[in-house]
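S.K.: Let me begin by handing over the structure; questions about it come next.
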Amino acid sequence: YPIRIVDRPYVLPKGAFEAGLRFAADKEFNVIATNLSFQYGLMDKLDLGLSYAFALKDFEIKGSLNVNGNYELMADDKMYLAANVQLGYNVLAEGLNPLNLGVRFRYNVTHELAISSDGAGLSIGLEDPNSISLGIPVTVAYQVNDNIYAGVTTRLADIEIKDSVTSVFAAD
């Protein structure tokens with residue numbers, strides 16, 4: 001399994017696992033949320049994972065528990081493509097999270113520079129108001145050396161399809 005993140009597949013190989021801890025911060029860099037995750041390679045082109053996200057600002061341990069799966073569609077030296085599905089339950093809101101169907105994409109411009117989209121896709125609300133939206137995040141990342149990987153992510157668009165509460169573009 002490559003140590004360089006820019007060389008790693010999105011889907012873990014059979015028998016491999018990955019555990020993670022991520023923090024989110026506001027514009028003043030105050031840590032406001034965390035996400036614990038675990039992913040396991042069931043087959044060479046299929047993995048399953050579990051994650052739990054919760055707020056740290058007021059330390060509310062109730063959060064969102066999600067199950068996800070990734071399936072490798074294409075992989076070569078330059079481009080990587082995987083389908084992604086995620087579903088979960090929000091303990092704090094006491095309801096189902098939206099069903100997310102997406103695509104994970106990475107194009108290696110050079111051996112160090114990559115353009116990617118982790119989880120661009122369709123979000124379908126499973127409870128009232130059954131909102132539907134399409135999100136398009138893009139990351140430009142640079143593999144500084146074997147141990148340091150840095151990137152900047154932005155959302156190109158959040159497209160409201162039906163009853164979405166946030167949107168950059170909207171359509172009826």
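Bear in mind these aren't lab numbers, they're just calculated from the coordinates by the rules spelled out. In this text the structure is predicted, and so the values were computed from the model without any measurement. Reconstructed Cβ throughout: ideal geometry from the backbone, glycine too, with neighbour counts over all protein chains shown.
S.K.: Working from the pairwise distances between different alpha carbons, so that the mean of 1/r is found and then inverted, what is segment 76-115's Kirkwood radius in Å?
M.R.: About 12.5 Å for segment 76-115.
S.K.: Using C-alpha positions alone, give me the convex hull volume of segment 1-93 per residue in cubic angstrom.
M.R.: 121
S.K.: Under 25 °C and 0.890 mPa s, how fast does the chain diffuse according to Stokes-Einstein, given a Kirkwood radius computed over C-alpha pairs? Answer in µm²/s, whole number.
M.R.: It diffuses with D of about 141 µm²/s by this estimate.
S.K.: Also, I was wondering about something else. Given H placed 1.01 Å from N in the peptide plane, which residues other than close sequence neighbours of S131 have an amide H under 5 Å from its amide H?
M.R.: Residues meeting the amide H criterion: G125.
S.K.: Using the Cα centre of the chain as the reference point, and only Cβ charges (+1 on K/R, -1 on D/E), how large is the resulting charge dipole? Debye, rounded to the nearest 20.
M.R.: Value, rounded to 20: 340 debye.
S.K.: Based on the mean of other Cβ atoms within 10 Å per residue, sort peptides 5-13, 140-148 so the most packed one is first.
M.R.: Ranked by mean Cβ neighbours within 10 Å, highest first: 5-13, 140-148.
S.K.: Quick one: divide the alpha-carbon radius of gyration of segment 76-172 by 2.2 N^0.38 Å and tell me what you get.
M.R.: Dividing the Cα Rg of segment 76-172 by 2.2 N^0.38 Å gives 1.28.
S.K.: To make sure I understand the rule: partners must be lysines, Cα under 23 Å from the Cα of K78, and not fewer than 8 residues away in the same chain. Which ones qualify?
M.R.: K14, K45
S.K.: Going toward the positive end of the dipole of the chain, with +1 on Lys and Arg Cβ and -1 on Asp and Glu Cβ, which of G49, P2, L12 do you reach last?
M.R.: P2
S.K.: Sorting check: for 34-45, 150-161, 95-106, which peptide has the highest mean count of neighbouring beta carbons within 10 Å, and how do the rest follow?
M.R.: Sorting 34-45, 150-161, 95-106 by mean packing, highest first, produces 95-106, 34-45, 150-161.
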